[in-house]
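The values are calculated or read from the model by the stated rules, or taken from the named source; none is laboratory data. Not measured: the values here are computed from a predicted model. Neighbour counts run over all protein chains shown; Cβ positions are idealised from the backbone, glycine included.
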Amino acid sequence: MDDRVKLIRFLVSIVIYVHGCRSDVKCRNDQGDEVDWYILYKLPKDEGGLSYFYMDEQTNGWKLSKEKITSESGSLAKTLKPLLDFYVKKTEGFGYLLYNDQPPNQNSVSSSFGHSKGVVMLDRQTGVWLLHSTPKFPTYRSKNFWPDSGNANAQTFICVHFGYDQFKIIGQQLQYIHAYSYDYDLPKTFHEELRCVAQRSCYPKKAPWFSVMELTSWRQRRFLSFAKYARFGDDLYSGLIAKRATGNLFVKSWGKMRQPLPSNCSSCIRHHVYNVMEVKLPERDPFTNTLDHSKWCVTSDGALTCIADMNREKSQMSRGGGALCTDDSVVAKAFSGLISQHDDCKQPYSYDQTREL
């Protein structure tokens with residue numbers, strides 16, 4: 001082999017290596033393999049605490065992980081690795097935005113901000129949007145990313161791998177949610193829609209006070225993002241998602257609320273909305289919604305499954321929030337199978353209709 005051929009192969013290998021390094025921001029399973037999306041369901045303390053069920057496009061439903069949610073060998077840690085490495089040594093062309101209405105580095109957040117929690121990480125090619133329900137996650141600029149306060153209750157996570165262009169839309173959705181950014185580092189050349197969310201400097205100024213947008217994953221899977229601003233003045237589920245649904249909606253939200261909204265069978269909505277009161281994961285004892293801080297919903301016809309930000313509570317009608325949804329029938333079957341008890345509509349649905357619109 002002559003020196004010229006050797007040089008060409010060397011240069012090609014360098015290009016491939018650099019390209020790979022720039023594309024490490026991906027959703028990853030427990031083995032560290034790239035996946036287009038995954039969903040995690042962490043168990044409550046009485047049912048394993050740090051154990052979690054895992055699902056992606058290859059698992060055909062729920063699988064109990066051999067890892068703990070805190071493990072460096074688990075899916076969360078492997079997905080967050082670019083961020084955790086960035087804390088130690090900054091990488092050119094990488095950016096992140098962390099938002100949480102219960103942040104790890106302060107005691108309280110104004111209720112004018114959305115009831116939402118998530119992680120955005122991206123480079124100039126791809127990124128991930130990781131939506132979740134866990135207060136104080138991830139911890140503030142620490143390799144130990146899991147907060148001890150997250151141990152007690154069940155929590156949900158959804159990670160989706162998107163191309164760089166999709167984060168312009170994601171930034172727009174986060175503006176409607178009015179997400180509370182508590183930490184970020186975004187290059188100035190990245191989407192301004194994200195940067196202004198990071199700086200807490202933008203939110204909707206005029207109606208409509210909601211946004212429903214289609215997102216396309218790296219592997220061309222369709223996701224639907226629902227987002228509502230505080231002035232929408234209605235429940236995320238019955239006021240927005242149910243209007244796009246083709247079947248009744250079963251909603252799982254936190255069971256320790258001051259003014260929970262009852263199941264909604266009003267003639268004013270196209271489909272009924274039922275509160276899920278008890279969940280049973282495979283080969284586990286059922287647990288009530290008072291031990292389950294997750295937020296999700298699934299339609300009776302299996303056409304829509306959402307991992308969400310919000311609870312069905314009166315006060316959250318006047319807060320921002322959202323949901324990321326899939327039409328995957330396997331995901332719908334997996335979530336429908338979790339419902340062991342739900343509340344029927346025992347009385348006419350009613351609440352104070354006075355809203356700021």
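Numbers below:
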{"quantity": "Count of segment 263-316 residues which are in contact with an Asp or Glu (Cβ under 9 Å, 6 or more places away or on another chain) and hydrophobic (A, V, I, L, M, F, W, C)", "calculated": "11"}
{"quantity": "Residue check for residue 288: closer than 30 Å to residue 24 by Cα and either surrounded by 17 or more Cβ atoms within 10 Å (Cβ to Cβ) or touching a residue at least 24 places away in the same chain (Cβ under 8 Å) (or both)", "calculated": "no"}
{"quantity": "Segment 276-321: number of residues that are in a strand (DSSP E or B) and of a type in the set (S, T, N, Q)", "calculated": "3"}
{"quantity": "Residue in segment 193-205 that is surrounded by fewer than 22 Cβ atoms within 10 Å (Cβ to Cβ) and of a type in the set (Phe, Trp, Tyr) present", "calculated": "yes"}
{"quantity": "Residues of segment 240-263 that turn out to be touching a residue at least 60 places away in the same chain (Cβ under 8 Å), over 30 Å from residue 28 (Cα atoms) and either in contact with a helix residue (DSSP H, G or I) (Cβ under 7 Å, 6 or more places away or on another chain) or in a loop (DSSP other than H, G, I, E, B) (or both), as a count", "calculated": "3"}
{"quantity": "Qualifying residue in segment 265-275 (condition: in a strand (DSSP E or B), polar (S, T, N, Q), at pLDDT 95 or above and buried (at least 18 other Cβ atoms within 10 Å of the Cβ))", "calculated": "yes"}
{"quantity": "Residue satisfying all of: in segment 57-91; among the aromatic types (Phe, Trp, Tyr) and in contact with a strand residue (DSSP E or B) (Cβ under 9 Å, 6 or more places away or on another chain); nearest to residue 281 (Cα to Cα) among these", "calculated": "62"}
{"quantity": "Contacts under 7 angstrom Cβ, first residue in segment 59-70 being more than 16 Å from residue 279 (Cα to Cα), partner in a loop (DSSP other than H, G, I, E, B) and among the aromatic types (Phe, Trp, Tyr), 6 or more apart", "calculated": "69/146; 70/146"}
{"quantity": "Subset of segment 78-104 that is of a type in the set (Val, Ile, Thr) and out of contact with any helix residue (DSSP H, G or I) (no Cβ under 9 Å at 6 or more places or on another chain) - its residue that is surrounded by the most Cβ atoms within 10 Å (Cβ to Cβ)", "calculated": "79"}
{"quantity": "Hey, residue 230 more than 21 Å from residue 333 (Cα to Cα), of a type in the set (Gly, Ala, Ser) and surrounded by 18 or more Cβ atoms within 10 Å (Cβ to Cβ) or not", "calculated": "yes"}
{"quantity": "Residue within segment 252-271 that is closer than 26 Å to residue 288 by Cβ, among the polar types (S, T, N, Q) and out of contact with any Cys (no Cβ under 9 Å at 6 or more places or on another chain) present", "calculated": "yes"}
{"quantity": "Identity of the residue in segment 291-344, among the β-branched types (Val, Ile, Thr) and over 14 Å from residue 155 (Cα atoms), that ends up surrounded by the fewest Cβ atoms within 10 Å (Cβ to Cβ)", "calculated": "330"}
{"quantity": "So residue 334, is it more than 15 Å from residue 253 (Cα to Cα), of a type in the set (A, V, I, L, M, F, W, C) and modelled with pLDDT of 95 or more", "calculated": "yes"}
{"quantity": "Members of segment 112-150 that are polar (S, T, N, Q), modelled with pLDDT of 95 or more and more than 14 Å from the chain's Cα centre (by Cα)", "calculated": "112, 125, 126, 139, 142, 144"}
{"quantity": "Segment 151-166, residues that are under 15 Å from the mean Cα position of the chain (by Cα) and buried (at least 24 other Cβ atoms within 10 Å of the Cβ)", "calculated": "154, 155, 157, 158, 159, 160, 162"}
